[in-house]
Amino acid sequence: MTPTTPRIAIIGAGPGGLTCARVLQRNGVPVTVFDHDASADARPQGGTLGLPVTIAQEALRAAGLYEEFAALARPEGQEVRLLDHTATVLFHYAPAPAPGATGGPEAGRPATDHPEADRPAADRSEIDRAALRRLLLDALAPDTVRWSSYLRTLHPLGDGRHKAEFDDGHTETFDLVIGADGTWSRVRPMLSDAAPHYTGVTFVESGFEDADTRHPEVARLVGDGSMRAESAAQGLFARRDGRGHIRLYAAFRGSQDWALDAGVRKEDTEAVRAALLDRFADWDERLLTLLRDNDGGFVNRPLFALPVPHLWTHTPGLTLLGDAAHLMSPFTGRGADLAILDGAELAGALTGHGDPDEAVRAYETAMLPRAAEAAEADARALADALAPDAPRGSLRHLRAAFGDPRP
């Protein structure tokens with residue numbers, strides 16, 4: 001480290017922040033990561049990420065970890081099914097069958113640029129979030145991540161440097177602070193007045209373990225990939241998560257306090273189940289099985305998003321990546337993709353430019369329009385899926401994306 005080497009802090013030890021830290025260290029640039037969790041294993045990391053191979057190759061090769069990633073990852077199920085509330089299959093895509101095999105009328109159609117359909121066979125890989133986080137953490141130098149470090153505020157010092165003040169009272173000064181701290185970022189307010197807003201949509205998550213053996217009807221309904229059933233501003237969205245697990249989201253528009261409004265405690269599994277069955281009462285029994293037979297309880301997930309586009313005036317010494325920069329709903333699954341790409345590209349810019357401020361400018365110039373395009377596509381897809389005339393919009397987009405000439 002020379003006297004001109006910038007002191008860099010990354011706030012948040014998620015996939016994007018850790019990717020950024022790894023690429024920086026691999027190129028000889030010191031960095032410190034601060035995270036409010038007590039340890040790497042302090043809380044569950046969620047389910048599976050589906051990453052486009054192109055992004056995984058670009059970002060994880062820059063981190064020197066692609067081979068290790070490939071050993072942990074598995075091909076993502078490519079089948080796509082769209083149903084209505086009567087369980088009628090309106091659209092079905094499956095990868096082209098092997099020579100000599102047969103497929104349905106939609107089988108083997110090529111995918112194009114629709115956010116929910118850009119998944120041709122072998123173009124996406126699944127990896128468990130916890131496994132990816134562990135891979136990235138193990139690749140960092142010892143003590144790179146400082147756990148139990150919650151950023152309270154940043155104090156600008158007038159020359160691009162900022163003094164970071166943490167909840168335990170200690171302070172440190174940095175030349176560059178990178179906000180990779182997600183939805184409720186503590187760095188974002190230094191750059192932008194924008195705050196996440198409730199989208200008006202809530203997902204209620206549940207799941208099925210060892211689905212092929214223990215829940216064969218559900219497994220057949222979902223297929224080898226994803227299944228969406230939509231009608232009248234409600235939806236049941238299911239997809240395979242790997243290792244026999246199927247993740248389900250019951251989606252609907254309404255207050256984020258819907259359970260309170262219905263007199264239901266979110267912790268009361270059977271009461272939540274009854275409330276959901278009431279909401280979906282006119283749906284086919286085959287679809288209601290998804291709400292009746294899940295393993296474990298339900299997790300309430302109101303969806304928040306930042307305005308689109310989310311822009312800010314470049315400020316020396318500060319920048320954002322991942323959800324801190326472009327929070328969108330998880331509907332199209334682009335958040336983690338973009339966070340990892342953000343982290344690798346920001347670190348690449350910093351190691352490729354002599355001037356860190358010019359590096360950040362170059363990164364933001366490329367990242368912001370890309371994020372806006374993805375967020376707009378995600379908002380459109382979610383709006384179509386939960387529109388009053390659903391599934392008409394989703395069917396139209398899927399047919400166009402997979403080359404079906406019908407309107």
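Considering only the stretch 126-153, how many residues are assigned to a helix (DSSP H, G or I) and touching a residue at least 40 places away in the same chain (Cβ under 8 Å)?
10
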If I ask for residues that are buried (at least 20 other Cβ atoms within 10 Å of the Cβ), within 30 Å of residue 316 (Cβ to Cβ) and among the hydrophobic types (A, V, I, L, M, F, W, C), which ones from the stretch 177-231 would you list? 177, 178, 180, 187, 191
Which residue, of 319, 332, is under 14 Å from residue 10 (Cβ atoms) and either among the acidic types (Asp, Glu) or outside any helix (DSSP H, G or I) (or both)? 319
Could you tell me which numbered condition residue 35 fails, if it satisfies all but one of (1) under 22 Å from the mean Cα position of the chain (by Cα); (2) at pLDDT 85 or above; (3) loosely packed, with under 15 Cβ neighbours inside 10 Å? (3)
Leading residue by the ranking (farthest from residue 26 (Cα to Cα)) among those in the stretch 80-90 that are in contact (Cβ under 8 Å) with a residue 24 or more places away in the chain and surrounded by fewer than 21 Cβ atoms within 10 Å (Cβ to Cβ): 86
Yes or no: the stretch 243-250 includes at least one residue that is crowded, with 20+ Cβ neighbours inside 10 Å, aromatic (Phe, Trp, Tyr), touching a helix residue (DSSP H, G or I) at 6+ places or on another chain (Cβ under 6 Å) and at pLDDT 95 or above. no
Among the residues in the stretch 160-174, are any acidic (Asp, Glu), in a loop (DSSP other than H, G, I, E, B) and farther than 24 Å from residue 21 by Cα? no
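Here is a yes/no grid of residues against (1) surrounded by 17 or more Cβ atoms within 10 Å (Cβ to Cβ); (2) closer than 30 Å to residue 177 by Cα; (3) modelled with pLDDT of 95 or more:
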{"position": "367", "(1), (2), (3)": "yes, yes, yes"}
{"position": "373", "(1), (2), (3)": "no, yes, yes"}
{"position": "377", "(1), (2), (3)": "yes, yes, no"}
{"position": "389", "(1), (2), (3)": "no, no, yes"}
Residue count, the stretch 241-294, condition under 26 Å from the mean Cα position of the chain (by Cα), under 19 Å from residue 386 (Cβ atoms) and among the acidic types (Asp, Glu), comes to 1
From the list 357, 389, 384, exactly one residue is within 20 Å of residue 235 (Cβ to Cβ), part of a helix (DSSP H, G or I) and either among the charged types (D, E, K, R) or touching a residue at least 40 places away in the same chain (Cβ under 8 Å) (or both). Which is it? 384
Could you tell me whether residue 369 is outside any helix (DSSP H, G or I) and touching a residue at least 40 places away in the same chain (Cβ under 8 Å)? no
Determine, yes or no, whether residue 213 is hydroxyl-bearing (Ser, Thr, Tyr), closer than 27 Å to residue 268 by Cβ and outside any loop (DSSP other than H, G, I, E, B). no
Would you mind telling me which numbered condition in (1) under 24 Å from residue 207 (Cα atoms); (2) modelled with pLDDT of 95 or more residue 10 fails? (1)
Residues located in the stretch 38-54, provided they are within 20 Å of the chain's Cα centre (by Cα) and polar (S, T, N, Q): 45, 48, 54
Counting only residues that are in contact (Cβ under 8 Å) with a residue 60 or more places away in the chain and part of a loop (DSSP other than H, G, I, E, B), which one in the stretch 175-189 is farthest from the chain's Cα centre (by Cα)? 175
Could you tell me how many of the residues in the stretch 184-208 are acidic (Asp, Glu) and more than 23 Å from residue 257 (Cβ to Cβ)? 1
If you go through the stretch 55-69 one residue at a time, do you hit one that is under 18 Å from the mean Cα position of the chain (by Cα), farther than 22 Å from residue 26 by Cα and in contact (Cβ under 8 Å) with a residue 12 or more places away in the chain? no
Matching residues in the stretch 258-274 - criterion: being among the hydroxyl-bearing types (Ser, Thr, Tyr) and surrounded by 16 or more Cβ atoms within 10 Å (Cβ to Cβ): none
Of the residues that make up the stretch 352-364, is at least one of a type in the set (Gly, Ala, Ser) and at pLDDT 95 or above? yes
Considering only the stretch 38-60, how many residues are surrounded by fewer than 18 Cβ atoms within 10 Å (Cβ to Cβ), at pLDDT below 85, not aliphatic (A, V, I, L, M) and not in a loop (DSSP other than H, G, I, E, B)? 2
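The values are calculated or read from the model by the stated rules, or taken from the named source; none is laboratory data. Here the structure is a predicted model, which is why all the values come from computation and not from measurement. With ideal geometry, Cβ positions are generated from the backbone for all residues, glycine too; neighbour counts draw on all protein chains shown.
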